[in-house]
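J.: This is the structure, below, for whatever I ask next.
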Amino acid sequence: MRRPLAALLVLAFLTSCGGGGSTAPIAPPGPPTPSLAEQLAADLDGLALDAFYDESYRALVYRSPESIVWQALTSVYPLADATLDDLSDDYRRETLTLYQVVLDALRTYDRASLSDEQRLTYDFYEWFLQDYIESFDFIYYDFAATYNFNGVQDGTERFFTDIHPVTSLEDANDYIARLNGVLGKFRDVVDYLTLQSGAGIIEPAITMDAAIYGLGRIADANPAAVSYYTSFAQKLETVASLSDAQRQGLRDRALAAVRDSVIPAYRELRARLQSLRAGAPTGIGVGQFPRGGEYYTNRLRHHTTTDLTAAEIHQLGLDHLERIHQEMRVIFDQLGYPQNETLQQSYSRVEADGGTIPAADVRDTYEAIIQAAEQDLDQAFDIFPSANVVVAEDPYGGFYIAPSFDGTRPGAFYAGTQFSEAWFRMPSLTYHEAIPGHHTQIAIAMELDGPAFRKTERFTAFVEGWALYAERLALELGWYQNDPYGNLGRLQYEALRAARLVIDTGIHSQGWSFEQAVQFNMENLGASRVASESAAGRYSVVPGQATAYMIGMLHILDARQRAQDQLGAAFDLREFHRVLLTSGGVPLPLLDNVVDAWIAVKLAAP
């Protein structure tokens, strides 16, 4: 630590005046202060396994205060200060050393001596830690400031507007303190972009342009109109304990923070992207960057939790698209649709014939679909989440945010409710995002006993695979009966997930152009050009993520078929779903272990 200047001057005076100096002995230096990693290793040494899980995960969770707030875990992991995540290079590298310490310590425990359930927890944690460490080998490859929900700017905005609580004076003060931290957080991203470009990686121009444009929504806004402020002001009105004077003072401070921190943050980030724009590649796909192929392999394993190659995934997508198109054709024929028209033309008919829900009724319609699903859920389930799910409004919609652990926030299916919606898409989207999809699976996982990481950490292939499986399960349960349009909506969504296998791998391993990806999406889904451009852009900036849905669903279906084949009449669908849902969002190889162990127990039963 640097000494204050005044202290150095005093020290210089004491050691230079008086002629002869002091004869007092000089104390030997004390032991060096241990690093954070060294201290963690010492703290974990000798702990019982359950205590090790708690203490080690606590150390890792505290590296992301935003995650603690996001999941309403402050009662379990109290935060001394109201801060945002530190995205600096030094901090991220220090975090890596902590993950390595925890993994090394985990491997000192005797896995062979554990029960099956304990091994599942051990393997889950090992996979989670190892995946983080391996991903860090590509520290500068992610597009941190890209457009839409993939960039830090959108995630930060949603953290404040949708997640951060404002139910008390303390919450309000914390909100404002964090507003004042936005500029520092975004400056870390600016530094990251500099390091990234130095490593030979710059986001492609087509998506960077969208990010630059999107940043202007806040960078060029009046502070009083910025969502960071308007959301705070709305939440503040619900805090009955505040006086009018307190409320006004908080609004004034929040407005100043938006003016002095948030808006400058967006301006600085936009300026950095603009400065990089001249060097942005015109083509898309990470294969064009140094070690891009290795990075993509890492991302495929991260998202799918399998060792499937890009070529295998690409072919898998083509095969399933052919199957799905055949299933579509059967229903098209039943409806009397011409066989010589394009998918886009056929789905235009589906949209018109299936009917449109007026904007004023969209939210109620989604809620009615959820209620009907809940009433019929016991056809296939004997375990249900305690937390409710609500339909929340969003300009675009189509995603889910989990309930909070403290019960103060329900699960939320964010749906586009500002415009009229074609009916044929609505049932499957609801089954995917809410019941029996994401909400059923994630909310149940959050209620499991055991270490916190089994409840909070989720692997994409299982989580998204389950949600796509839920869409298909609805067909098997007869929920699309007498609704060919809803069933065609389901098939179009399944085709979307199959096409993703082809397009994602095409972009990142086969050198596809943006236009090639757009055309493939239009031709194989019957989707509009606007939707297809959005899809191609998304897959180009988040390599591998889009492949997890179909691969996860196929894996679950394979596991179910294996159980049915081996158990015969003893197979019980409700029991199978209970086994899956009570395992949490595990990597797919661990899911196989869970299902195989259940099959073995069933076969051994008298």
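J.: Among the residues that make up region 139-151, is at least one of them in contact (Cβ under 8 Å) with a residue 24 or more places away in the chain and charged (D, E, K, R)?
T.: There is no residue in region 139-151 that is in contact (Cβ under 8 Å) with a residue 24 or more places away in the chain and charged (D, E, K, R).
J.: Select from region 383-400 the residues that are of a type in the set (Val, Ile, Thr) and surrounded by fewer than 19 Cβ atoms within 10 Å (Cβ to Cβ) and write down the one among them that is farthest from the chain's Cα centre (by Cα).
T.: The qualifying residue farthest from the chain's Cα centre (by Cα) is ILE383.
J.: Among the residues of region 49-72, how many are not hydrophobic (A, V, I, L, M, F, W, C) and not in a helix (DSSP H, G or I)?
T.: The total comes to 4.
J.: Next up: Filter region 580-606 down to residues that are over 24 Å from the mean Cα position of the chain (by Cα), assigned to a helix (DSSP H, G or I) and free of Cβ contacts under 8 Å to residues at least 40 places away in the same chain, then give me how many there are.
T.: Residues that pass the stated criteria total 9.
J.: How many residues are over 17 Å from ALA412 (Cα atoms) and aliphatic (A, V, I, L, M) if we restrict to region 373-402?
T.: 3
J.: Take the conditions touching a Leu at 6+ places or on another chain (Cβ under 8 Å), surrounded by 22 or more Cβ atoms within 10 Å (Cβ to Cβ) and under 26 Å from LEU491 (Cα atoms) and apply them to ALA415. Does it pass?
T.: Yes: the conditions hold for ALA415.
J.: Tell me, please, whether a residue that is touching a strand residue (DSSP E or B) at 6+ places or on another chain (Cβ under 7 Å), closer than 18 Å to HIS164 by Cα and among the β-branched types (Val, Ile, Thr) can be found in region 398-418.
T.: Yes, some residue in region 398-418 is touching a strand residue (DSSP E or B) at 6+ places or on another chain (Cβ under 7 Å), closer than 18 Å to HIS164 by Cα and among the β-branched types (Val, Ile, Thr).
The rows are residues; the columns are (1) touching a residue at least 24 places away in the same chain (Cβ under 8 Å); (2) within 22 Å of the chain's Cα centre (by Cα); (3) not assigned by TED's automatic domain parsing to the domain that holds TYR400.
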{"residue": "LEU47", "(1), (2), (3)": "no, no, yes"}
{"residue": "VAL61", "(1), (2), (3)": "yes, yes, yes"}
{"residue": "PRO65", "(1), (2), (3)": "no, yes, yes"}
{"residue": "ALA72", "(1), (2), (3)": "yes, yes, yes"}
{"residue": "ASP81", "(1), (2), (3)": "yes, no, yes"}
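Per-residue answers, yes or no, for (1) within 30 Å of ILE383 (Cβ to Cβ); (2) surrounded by 24 or more Cβ atoms within 10 Å (Cβ to Cβ); (3) among the charged types (D, E, K, R):
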| position | (1), (2), (3) |
| --- | --- |
| ASP504 | no, yes, yes |
| PHE514 | no, no, no |
| VAL518 | no, no, no |
| VAL542 | no, no, no |
| ASP565 | yes, no, yes |
| THR582 | yes, no, no |
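J.: Sort through LEU9, LEU47 and tell me the only one that's in contact with an Asp or Glu (Cβ under 7 Å, 6 or more places away or on another chain) and either at pLDDT below 95 or under 30 Å from LYS455 (Cβ atoms) (or both). I'd like the intermediate steps shown before the answer.
T.: Details: LEU9 fails: in contact with an Asp or Glu (Cβ under 7 Å, 6 or more places away or on another chain).
Only one candidate passes the filter, namely LEU47.
J.: Select from region 187-225 the residues that are surrounded by fewer than 19 Cβ atoms within 10 Å (Cβ to Cβ) and of a type in the set (S, T, N, Q) and list them in ascending order.
T.: THR194, SER197, ASN222
J.: Looking at region 147-157 only, could you name the residues that are closer than 17 Å to GLN71 by Cβ and crowded, with 17+ Cβ neighbours inside 10 Å? Give the steps one after another, and end with the answer.
T.: Taking region 147-157 and keeping what is closer than 17 Å to GLN71 by Cβ, we get 155-156.
THR156, the sole residue that qualifies.
J.: Could you please let me know if PHE149 is under 20 Å from the mean Cα position of the chain (by Cα) and modelled with pLDDT of 95 or more?
T.: Criteria not met by PHE149.
Yes or no, residue by residue, for (1) hydrophobic (A, V, I, L, M, F, W, C); (2) at pLDDT 95 or above:
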| site | (1), (2) |
| --- | --- |
| THR238 | no, no |
| ALA245 | yes, yes |
| ARG267 | no, yes |
| ILE284 | yes, yes |
| GLY293 | no, yes |
| TYR296 | no, yes |
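J.: Taking ASP376, is it at pLDDT 90 or above and assigned to a helix (DSSP H, G or I)?
T.: yes
J.: Can you find a residue that is within 17 Å of the chain's Cα centre (by Cα) and either assigned to a helix (DSSP H, G or I) or at pLDDT below 95 (or both) anywhere in region 551-566? Write out each step before concluding.
T.: Applying the first criterion (within 17 Å of the chain's Cα centre (by Cα)) to region 551-566 yields 552.
Still in the running and either assigned to a helix (DSSP H, G or I) or at pLDDT below 95 (or both): 552.
Yes, because at least one residue in region 551-566 is within 17 Å of the chain's Cα centre (by Cα) and either assigned to a helix (DSSP H, G or I) or at pLDDT below 95 (or both).
J.: Also: Please pick out the residue among GLY478, GLY486 that is at pLDDT 95 or above and surrounded by fewer than 22 Cβ atoms within 10 Å (Cβ to Cβ).
T.: It is GLY478.
J.: Among the residues of region 73-132, count how many are buried (at least 18 other Cβ atoms within 10 Å of the Cβ) and of a type in the set (Val, Ile, Thr).
T.: Of the residues in region 73-132, 4 are buried (at least 18 other Cβ atoms within 10 Å of the Cβ) and of a type in the set (Val, Ile, Thr).
The values are calculated or read from the model by the stated rules, or taken from the named source; none is laboratory data. Computed from a predicted model, the values in this text were never measured in an experiment. Neighbour counts run over all protein chains shown; Cβ positions are idealised from the backbone, glycine included.
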